[in-house]
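These notes are about the structure you will find just below.
The values are calculated or read from the model by the stated rules, or taken from the named source; none is laboratory data. None of the values given here were measured: they were computed from a predicted structure. Here the Cβ positions follow ideal geometry from the backbone for every residue, glycine too, while neighbour counts run over all protein chains shown.
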Amino acid sequence: MRQQTIRRSVAVEGVGLHSGKPVKVTLSPAPADSGIVFRAGAHGEPIPASPDSVVDSHYATTLGRNGTRIQTVEHLMAAAAGLGIDNLEVVVDGCEVPAMDGSAKPFVAVLTAAGRTTQGARRRPVAIRQSLRAGDGNRWIQILPAPEFRISYTLDNDHPAIGTQALSCVPTEDSFVEDYAPARTYGFLKDLGAMRKHGLALGGSLENAIVVGKRGTLNGLRYRDEFVRHKVLDLIGDLALLGRPIQGHVIARNAGHALNFELVVAIQRALGLERRPAGAALRVAATRDAVDGFAPATA
Ligand SMILES: [Zn+2]
């Protein structure tokens, strides 16, 4: 499979979920092997969408470099990954990718409208060779060697409007567009006050999130299990930070951006170690396990 980019520049405008400010995003074609690169303004410093650029992974995934930050990149990243777009320039006229309707659907629409072109360079999928795991108790994420990219996700929440939702899928471009891209982010009405005090969800409304109140959701659902579908969408977006498609089975339970990112770092580290001589790899692995609490899982 060869790499792809879009055919022409396109733009979307909306409001940042956390900042509440209006923002415009311009998406443009990018050369093979450049990956997805963000800029804050047309003359901003390039911020590659890579694990090294992640400066915060609570509530949303934030990229940054030398003091410039771009918040909430995950739904746009998911749209690009779901459509198989490898290379893209993203100019954000502000500090946050707009929330749009809380899903990846508007980004899928604009990227589709831009058309696609196949590039000369080949894709280099990441084949997972060992089991890697992050988290514990009721919140964890794991990846296992597998012949294809599969996600199995279980979400359980005390709130009766959510309950336990589980699904297992092999995302294809069609299933991504139909079954995952339209699933919206969600928030609890009771948390809104505290989030706003911390400068988060300032742009949150019934227009861009499922809002869960005491007795149920305040707006209608697009899917009966929209919550877990959105979790899968977020995971696809966060895994896209690796810049290469993954061949492996991701199994997650109640994971969020922070755990998704821990898994991304573990995969990146495992890849780096694979390329080193065996003895050196073992020594580095032992040291890093002690520091970060990562170890190949025994499952
Ligand atoms: Zn999300």
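What to note about this one:
- Enumeration of residues in the stretch 157-199 that are buried (at least 16 other Cβ atoms within 10 Å of the Cβ), of a type in the set (A, V, I, L, M, F, W, C) and in contact with a Lys or Arg (Cβ under 9 Å, 6 or more places away or on another chain): Ala161, Leu167, Cys169, Val177, Ala181, Ala183
- Only one of the numbered conditions (1) within 16 Å of the ligand (Cβ to nearest atom); (2) assigned by TED's automatic domain parsing to the domain that holds Leu76 is violated by Leu155, and that is (2).
- Residues that are at negative phi and more than 15 Å from the ligand (Cβ to nearest atom), drawn from the stretch 226-247: Leu242, Arg244, Pro245, Ile246, Gln247
- Selection from the stretch 58-74 of residues that are surrounded by fewer than 20 Cβ atoms within 10 Å (Cβ to Cβ) and either in the same structural domain as Arg269 (by TED's automatic domain parsing) or of a type in the set (Gly, Ala, Ser) (or both): Gly64, Gly67
- Scanning the stretch 104-120 finds one or more residues that are farther than 20 Å from Phe261 by Cβ, away from the ligand (no atom under 16 Å from the Cβ) and among the charged types (D, E, K, R).
- Flag if Leu83 is in contact with a Lys or Arg (Cβ under 8 Å, 6 or more places away or on another chain), closer than 16 Å to Tyr180 by Cα and touching a residue at least 40 places away in the same chain (Cβ under 8 Å): yes
- Residue check for Thr117: among the hydroxyl-bearing types (Ser, Thr, Tyr), assigned to a helix (DSSP H, G or I), over 16 Å from the mean Cα position of the chain (by Cα) and modelled with pLDDT of 95 or more: no
- Test: Asp238 is closer than 29 Å to Ser53 by Cα, of a type in the set (Asp, Glu) and either in contact with a helix residue (DSSP H, G or I) (Cβ under 7 Å, 6 or more places away or on another chain) or modelled with pLDDT of 95 or more (or both): yes
- Any hit, the stretch 230-243, residues being touching a Lys or Arg at 6+ places or on another chain (Cβ under 8 Å) and either part of a loop (DSSP other than H, G, I, E, B) or of a type in the set (Gly, Ala, Ser) (or both): no
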